[in-house]
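The values are calculated or read from the model by the stated rules, or taken from the named source; none is laboratory data. Keep in mind that this is a model prediction, so the values were computed, not measured. Heads up, the Cβs are rebuilt from the backbone with ideal geometry, glycines too, and the neighbour counts pull from every protein chain shown.
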Amino acid sequence: MPELAAIAGEWAGSYTCAQGDTGLTLTVESSGRSIFEFHPLGADNAAESGSFEMLATADGDQVEFDQVRWIEHPTGYLMVDLVATDITGDTMRGNVDGAGCTTFRVSRDRS
C-alpha cells in the first residue's frame, strides 16, 4: 500500500479531458490534502486555468484523489477525481474520473 508521505510534494504533467490535453500541477501533502491546478498547454489549447482542493487516500496499490471544493472555478468546468494506478519512483499515472476524461501522467522533480 502506498504511503501518502512517500508521494508528498509537487507533481507536474498533464491530463486529458474534453478540452484536450491540459497542464496539471498536483500538490500532495502527507495528510492527504491535495491541490489540483490546471492550465492550457501551448497557445492552441482551449483549456482554461483553475484549481480545486482534493483529498488523497491510499487504497490497496493505488491512491484515490477525491474532489473537495473549488479554489478558482472557471465557468463551465467540473471537478474530477483521480485514481493513481501506477506510482513508480517519481512518476505517477492513472485515470481521470470525469465526463469526457481519460488519463493523467505527472512527474516529481526532487532537485
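Here is how the numbers come out for the structure above:
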read-out: Residue that is farthest from Ser34 (Cα to Cα) [pool: residues in the stretch 66-111 that are basic (Lys, Arg) and loosely packed, with under 15 Cβ neighbours inside 10 Å]; value: Arg110
read-out: Filter result for Gly60 (surrounded by fewer than 17 Cβ atoms within 10 Å (Cβ to Cβ) and within 19 Å of Tyr77 (Cα to Cα)); value: no
read-out: All positions within the stretch 86-111 that are free of Cβ contacts under 8 Å to residues at least 24 places away in the same chain and farther than 17 Å from Ser51 by Cα; value: Asp86, Thr88, Gly89, Asp90, Thr91, Arg93, Asn95, Ser111
read-out: Filtered residue count, the stretch 55-77, keeping only those that are within 13 Å of the chain's Cα centre (by Cα) and not β-branched (Val, Ile, Thr); value: 6
read-out: Within the stretch 5-28, considering residues that are aliphatic (A, V, I, L, M) and out of contact with any strand residue (DSSP E or B) (no Cβ under 6 Å at 6 or more places or on another chain), the one modelled with the lowest pLDDT; value: Ala18
read-out: Among residues of the stretch 38-47, those that are surrounded by 12 or more Cβ atoms within 10 Å (Cβ to Cβ), more than 16 Å from Gly98 (Cα to Cα) and modelled with pLDDT under 90, counted; value: 2
